[in-house]
1. By per-residue mean of other Cβ atoms within 10 Å, what is the highest-first order of 24-37, 154-167?
2. Can you tell me the length gained on complete extension of the stretch Arg294 to Arg201, counting 0.36 nm per residue apart and subtracting the Cα distance?
3. Could you rank the peptides 182-189, 212-219 by their average count of other C-beta atoms within 10 Å per residue, with the highest value first?
4. 7 Å from Cα along Cα→Cβ at both Lys270 and Gln209: what's the point-to-point distance in nm?
5. Taking all protein chains in place and a 1.4 Å probe, what share, in percent, of the accessible surface of the range 1-90 do carbon and sulfur account for?
6. If you take every residue apart from Val166 with its C-beta less than 12 Å away from the C-beta of Val166, what net charge results, scoring Lys and Arg +1 and Asp and Glu -1?
7. Could you tally the net charge around His261, taking each other residue with its Cβ under 10 Å from the Cβ of His261, Lys/Arg +1 and Asp/Glu -1?
8. In straight Cα distance, which lysines are under 27 Å from Lys107, not counting same-chain residues fewer than 8 positions off?
Amino acid sequence: MIETYRQYLGAKTDPITFTADRMGWYAVNVNANDLAAMGAHPRWFLATFLFPEGRTAEALVERVFGETLRACRALGITLCGGHTEITVGLDRPIIVGQMLGEVEPDKLVRKERQRPGDQVILTKGVAIEGSAILAREKAHELRGQIAAKHLKHAQLLISKPGISVVRDARLALEHGDVHAMHDPTEGGVLTGLVELARAGRVGLRVWKQKIPVLPETQLLARVLGFDPLSLLASGALLIVAEPRSATHIVSALRRNRIAAHVIGEICRPKDGITMVENGRARPIRVPARDEIARLLE
């Protein structure tokens, strides 16, 4: 963080490697999400676009740049620089994005503020990004096994409920005392929960039955055979707040048509990081790899 004009300048970077479909949109949103989880307002975006040699048409480049610009405009972000090249050794385009944003020093969200008794909120649901990617990349395989309307809904999860958590974060900060935020991505919500607790050096207890899984994701999981809690999870936001604030934050999110559920609580470090299912608590294990990597290899 660099302090400028009485504000901190935040910087985050994230690549898009799993899909070439709407990758410009993904790149802007996942990087904006990282900043929003710090309490910052995303302002400026830079990107390195890498396209495969011998397989890149002008229409592809125009499409990716168009998606990127539209995503920036939707969030009030300026595309201010970057780099583009056609290179060897790639079988699909890759975008490496960097997002810059601003946050007032007293509004910066630090994960070490977590305390035992704090409530853990999850917005929207798990595996939104991963479900949308699988529905698009494996559409041919899924046709005939999932009703066409359900497959279409799954493909559109990128837009509804959407993978941006910028609004989720702003509403949380406006309506409660937020002690931490984290946007789960690779490794799904399981990895996100462990990362959140470890960053705060706290224990964590999560109730599995309270974790919302969208119907479209449940259908995909049944056909393709994956664990929704270990699938690429952009679109959800984990919010940690003291109990009274958590109630206000959940109400505010729901009033603004953003699904929100309390799924767990912060504990003492010695209590560990556990998932409660059918009355039994077991340690949460970080998956060896994201389910989407296994399904798309």
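1. Descending packing order for the listed peptides: 24-37, 154-167.
2. Here the segment from Arg294 to Arg201 would lengthen by 30.4 nm.
3. Going from most to least packed, we get 182-189, 212-219.
4. Taking the two extended label points, one gets 3.0 nm.
5. On the range 1-90, the fraction of accessible area on carbon and sulfur atoms equals 53 percent.
6. That works out to 0.
7. +3
8. Lys12, Lys124
The values are calculated or read from the model by the stated rules, or taken from the named source; none is laboratory data. Only a predicted model underlies this, so the values are computations on that prediction, with no experimental measurement involved. Glycine also receives a Cβ, built like all others from the backbone with ideal geometry; neighbour counts cover every protein chain displayed. Note: accessible area is taken over every heavy atom of the protein model, side chains too, but ligands, DNA and RNA are not part of it. Shrake-Rupley method; radii C 1.70, N 1.55, O 1.52, S 1.80 Å.
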